[in-house]
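Notes to accompany the following structure.
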Amino acid sequence: MPRPIPRITFGVIVLNGEPFIRHTINHLYDFAHEIIVAEGACLAAAETADSRGHSLDGTLETLRAMQREDDPEAQATGDYIWQVDTDEFYRREDIERVLELLRREEAPDCIEFSQLAFWGHFDFRMDGWYFQIGTRAISTPQKKVYRISRWGEGYEYANHRPMEVRRPDGSYTRDGRLLSAAETEKLGLFLFHYVSIFRHQIENKLKYYAQASWKKTPSMLSQDYLDQVFAHLDRSPFRVHFVQECPSWLEPYDGPHPEPIRQLRRELAAGAHPDCFMLEPQDIERVISTPRYRLQRWCFKAGIRLYPLFEPWIRRGRYYLGAGVVEGFKRVVRKLRGRSSQDPS
C-alpha cells in the first residue's frame, strides 16, 4: 500500500536569478512542504554581487516581495530535500510522477536526473563529450545530476556541487538506494536546464567560474567566450559548452517545455525583460543546418559510442597527461623505474 506523499523541502539556490526566479518558485508551490531560498554570493562569486554579497539584477527585491506574501521557514523540515538552481525546471506532470515514486515502500534515498541543457535560445539543446563522457579532470559524465535526497533529523547538507547529504552516522544518502539518471530517463523524467540562454546570464557565469573552488579543469570559460562563441557561433561551433577542452554541439529542440518557461517566453515576446538578450533562432539554425556541421556532429557522437572500447587507455592517458606534459613525463619515468627495480635480472 502506498505511503502518504512525503513532505518536500525545495532548496532554491540563486544569485542574479532574473528573469527566472519568480517562475522557479511559483512553479514549486503546489508541491512544496516548504521552499528555502539561499540568495547571495560565496567568495568565488563576489564579482557578480553587490558589496553585501547580494544579487545585482533585482533578485533580492523579488524574493523580499515574495517573502512578505509567504514568509517561508528558515530550515529544512521535510522528508526529502530537492535542490533546484534558479535556471532549472521540471514539467508539472514529471514532478507528480516523482512524488509517486517517493511514496513507494522501497522509496529511493537519492534521485538522479539527466539534464536537457539549452543554449542561446529556447529552441536549441546543447550536448557534448562533457555531458556524455566527462573530461580529464572530471571523469564522470555531467549529463546526470543528483537533485533529490532523503532528509531527516541530524542530516547535513554537505555540498552543493555535486549535491551531497550526510546522515548523522557520517554516511551519504547517495550511497543508499539510488534511482539513477538512466532509470529516470527511461521513465521520461528530465531536468530542463536553461543554463546559457541569455547574454547577461553567461557574463555572470564567466566571472563566477573564473574563481570557483570546485572548478577542476583549467579549460572552463575563457573571458573571450562571449565574443568568440556566443556572439559568433560560426567561429567555434563545436565549443559551445563552458568546458572548452571537449567538443560540444547544438541540436534543434521541438519538444515541450515546462509551463513556467512557456510563460516566460510569452513575457519576452510581449517586451518584458528588455535586458535579457538571446540569439535569433535563424542565426543559430544557419550554422548548425549545414551538411558540414551535421557531418562533424555525427563524427563526435560516434566518438561517444566508441569510447567504451578505449576507456581504459583514455583513463590511463588522463592520469599521465592530466597534470600537464612535463608532470606526465615524470610519472612515466617513475613507473618505468619501478618496473626496473623489480626486474630480477
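Annotations
- For Ala158, the conditions (1) in a strand (DSSP E or B); (2) at pLDDT below 90; (3) buried (at least 18 other Cβ atoms within 10 Å of the Cβ) all hold with the exception of (3).
- Counting only residues that are in contact (Cβ under 8 Å) with a residue 40 or more places away in the chain and under 16 Å from Phe198 (Cβ atoms), region 230-241 holds 3 of them.
- Subset of region 89-119 that is surrounded by fewer than 22 Cβ atoms within 10 Å (Cβ to Cβ) and among the acidic types (Asp, Glu) - its residue that is modelled with the lowest pLDDT: Glu105
- Exclusive hit being modelled with pLDDT of 95 or more, under 30 Å from Arg286 (Cβ atoms) and not polar (S, T, N, Q), set Tyr225, Tyr209, Tyr130, Tyr194: Tyr194
- Filtering region 236-259 to residues that are farther than 13 Å from Tyr225 by Cβ and among the small types (Gly, Ala, Ser) leaves only Gly255.
- Note on region 228-254: residues that are in contact with a Phe, Trp or Tyr (Cβ under 9 Å, 6 or more places away or on another chain), polar (S, T, N, Q) and modelled with pLDDT under 85 amount to 1.
- Taken together, the residues in region 77-88 that are of a type in the set (Gly, Ala, Ser) and surrounded by fewer than 17 Cβ atoms within 10 Å (Cβ to Cβ) amount to 0.
The values are calculated or read from the model by the stated rules, or taken from the named source; none is laboratory data. This structure is a prediction, so every number in the text was calculated from the model and none was measured. As a convention, Cβ positions derive from the backbone with ideal geometry for all residues, glycine included, and neighbour counts pool all protein chains shown.
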